[in-house]
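Shown next, in structure tokens, is the structure this report addresses.
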Amino acid sequence: MSQPPHTFAGNPLDRAANTRREPEELERLVAAPTSRFLPLWNLRALVTADDTPRLSWQPLSDLDAFAGENPDLIFLGLSNGEPRFAAGTKGEDDPSVNGCMSGRGRFEEARPLASDIPGGEAAVLAQARSLIDWHDRHGFCAVCGAPTALGEAGYMRACQNEACKAQHFPRTDPVVIMLVARGDRCLLGRNKRFPTRKRYSALAGFVEPGESMEEAVRREVFEEAGIVVGRVSYHSSQPWPFPSSLMIGCIAEAESEEIRIDPNELQDALWLTRDELGSCFESPDYHSADGQLEIPSPDAIAHHLIKSWVASG
Ligand SMILES: [Zn+2]
């Protein structure tokens with residue numbers, strides 16, 4: 001099965017990970033005339049001020065003006081041999097308004113932006129956003145509390161306490177998201193955090209320590225909806241940079257039908273047929289024919305899990 005075109009997947013950069021531990025090679029990349037960095041202000045990316053925006057890459061000569069002296073500079077990879085970095089700053093004043101980035105574009109939130117820029121750029125944005133957010137929240141060592149400093153071109157932070165020297169690495173949090181099916185019906189739930197009361201989606205939850213993907217699927221479905229799951233098969237996965245998840249899409253075969261929702265997790269759950277769901281894909285805003293149900297848009301893996309199951313009948 002080929003991977004659907006998931007938003008935030010398909011990063012075109014060569015991550016050139018072997019250069020991260022080579023200081024001289026990194027210096028050469030930073031100094032290269034083709035080097036550029038992507039500025040993120042409060043985790044919003046700079047994009048060109050066009051109707052069809054693109055990521056707005058900037059010369060490294062402007063790095064200090066944007067991010068201050070000795071900023072955390074993260075190596076994203078090579079774009080046709082040209083080095084690409086990311087750097088972040090925080091604050092109330094938008095640097096694109098009368099600041100060092102004025103005239104260079106505007107800062108945009110990643111989620112709405114992802115659908116407006118080319119797919120490969122959304123993937124680069126996911127990489128940059130997750131890493132910058134991780135650095136922002138790991139300035140101190142979790143072992144001894146001393147300050148940490150960026151290492152390995154942004155893929156590590158090292159404790160600066162000589163007696164500790166612990167190394168910390170960026171996390172990716174696995175989340176299982178599963179389309180639970182039984183015969184011609186599948187199970188969708190309405191999470192209390194969903195934007196509208198019509199929105200239903202595949203169930204999802206974090207994988208816990210010491211748990212396999214299949215075990216996480218079975219536990220989450222039973223906890224949230226009281227449904228017993230048997231066979232679990234992998235479908236596809238999606239990076240989700242809010243802040244740093246990997247959505248692992250699965251199809252789960254239900255062995256029971258009676259729904260018992262956990263009200264702390266779900267407001268409602270329903271068994272729906274292929275016919276009921278099929279009409280959602282014909283509607284521009286992904287509503288069912290009777291208007292009573294709305295499924296997630298194509299930037300979410302849940303959309304593709306539901307679509308794939310509907311098409312498999
Ligand atoms: Zn430490």
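Computed packing ranks the peptides 193-203, 234-244 as 234-244, 193-203, most packed first, by mean other Cβ atoms within 10 Å. The HN-Hα couplings worked out from phi for region 117-127 by the Karplus form 6.51 cos²θ - 1.76 cosθ + 1.60 (θ = phi - 60°) are 9, x, x, x, 5, 4, 5, 5, 4, 4, 4 Hz, whole numbers, x standing for Gly and Pro.
Report the local net charge at A114: Lys and Arg +1, Asp and Glu -1, summed over other residues whose C-beta lies under 11 Å from its C-beta. Taking every other residue near A114 into account, the sum is -3.
Between the amide H of G226 and those of R260, distances stay under 5 Å, these residues lying 5 or more places away or on another chain, with hydrogens modeled in the peptide plane. Our coupling estimate for region 164-172, obtained by passing each phi through the Karplus curve with A = 6.51, B = -1.76, C = 1.60 and θ = phi - 60°, is 10, 6, 4, 10, 10, 10, x, 9, 10 Hz, Gly and Pro reported as x.
Using just the alpha carbons, could you tell me how many Å³ per residue the convex hull of the chain encloses? If you can, show how the numbers build up before the last one.
Working: hull volume 51.7 nm³, N = 313.
Enclosed volume per residue, from the Cα hull, is 165 Å³.
Surface analysis of the chain yields an accessible area of 49 Å² per residue, using protein heavy atoms and a 1.4 Å probe.
For region 96-135, a crude dipole built from +1 on the beta carbon of Lys and Arg and -1 on the beta carbon of Asp and Glu, taken about the Cα centre, is about 100 debye to the nearest 20.
Computed packing ranks the peptides 266-274, 173-181 as 173-181, 266-274, most packed first, by mean other Cβ atoms within 10 Å.
The portion of the accessible surface of region 1-123 made up by carbon and sulfur, rounded to a whole percent, is 44 (1.4 Å probe; DNA, RNA and ligands excluded).
Working note: Karplus 6.51/-1.76/1.60 with θ = phi - 60° gives region 268-277 the couplings 6, 8, 9, 8, 10, 8, 4, 5, 5, 7 Hz, where Gly and Pro are set to x.
Near the amide H of F140, within less than 5 Å, lie the amide hydrogens of T148, all on another chain or at least 5 residues away, with H placed in the peptide plane.
Over the chain, what is the relative contact order in whole percent, taking alpha-carbon pairs under 8 Å and six or more residues apart?
On the way: 634 pairs, mean separation 51.1, N = 313.
16 percent.
Taking the charge dipole of region 173-311 about its Cα centre, with +1 at Lys and Arg Cβ atoms and -1 at Asp and Glu Cβ atoms, the residue from S283, Q267, W240 reaching farthest to the positive side is S283.
Once you have a ≥ b ≥ c as the square roots of the Cα gyration tensor eigenvalues for region 17-137, tell me rounded if a/c is under 1.5, and otherwise prolate or oblate according to whether a/b is larger than b/c. Prolate shape, in that a/c is at least 1.5 and a/b is the bigger ratio. Under a 5 Å amide H cut-off, with hydrogens placed 1.01 Å from N, G151 pairs with M156, R157, A158 among residues at least 5 apart or on other chains. Selection among G119, A67, P83 by position relative to the dipole of region 17-137 gives G119 as farthest towards the positive end (Cβ unit charges, Cα centre).
Find the Cα radius of gyration of region 159-299, compare it with 2.2 N^0.38 Å by division, and give the number to two decimals.
Dividing the Cα Rg of region 159-299 by 2.2 N^0.38 Å gives 1.22.
Scaling the Cα radius of gyration of region 61-126 by the globular reference 2.2 N^0.38 Å produces a ratio of 1.21. Peptides 121-128, 97-104, 217-224 ranked from most to least packed, by the mean per-residue count of other Cβ atoms within 10 Å: 121-128, 217-224, 97-104.
With a sphere of radius 12 Å drawn around the Cβ of R171, what net charge do the other residues whose Cβ falls strictly inside it have (Lys, Arg +1; Asp, Glu -1)? Don't jump to the answer; show the numbers that get you there.
Details: positive: R137, R157; negative: D133, D173.
Spelling it out: positives minus negatives among the neighbours equals 0.
Between the helical axis of 301-311 and the longest alpha-carbon principal axis of the chain there is an angle of about 40 degrees.
Taking 4.7 Å between beta carbons as the limit, the unpaired Cys residues of the chain are C100, C186, C250, C280.
Label region 70-195 by shape, choosing from rounded, prolate and oblate, from the square roots a ≥ b ≥ c of the eigenvalues of the Cα gyration tensor; if a/c is under 1.5 it is rounded, and otherwise prolate applies when a/b is larger than b/c, oblate when it is not. Oblate, because a/c is 1.5 or more while a/b does not exceed b/c. Against the main long axis of the alpha-carbon atoms of the chain, helix 213-225 sits at an angle near 60°.
The values are calculated or read from the model by the stated rules, or taken from the named source; none is laboratory data. Note that the structure is predicted; figures quoted are calculated from it, not measured. All Cβ positions, glycine included, derive from the backbone under ideal geometry; neighbour counts span all protein chains shown. Note: areas computed on protein heavy atoms with side chains; ligands, DNA, RNA excluded. Shrake-Rupley method; radii C 1.70, N 1.55, O 1.52, S 1.80 Å.
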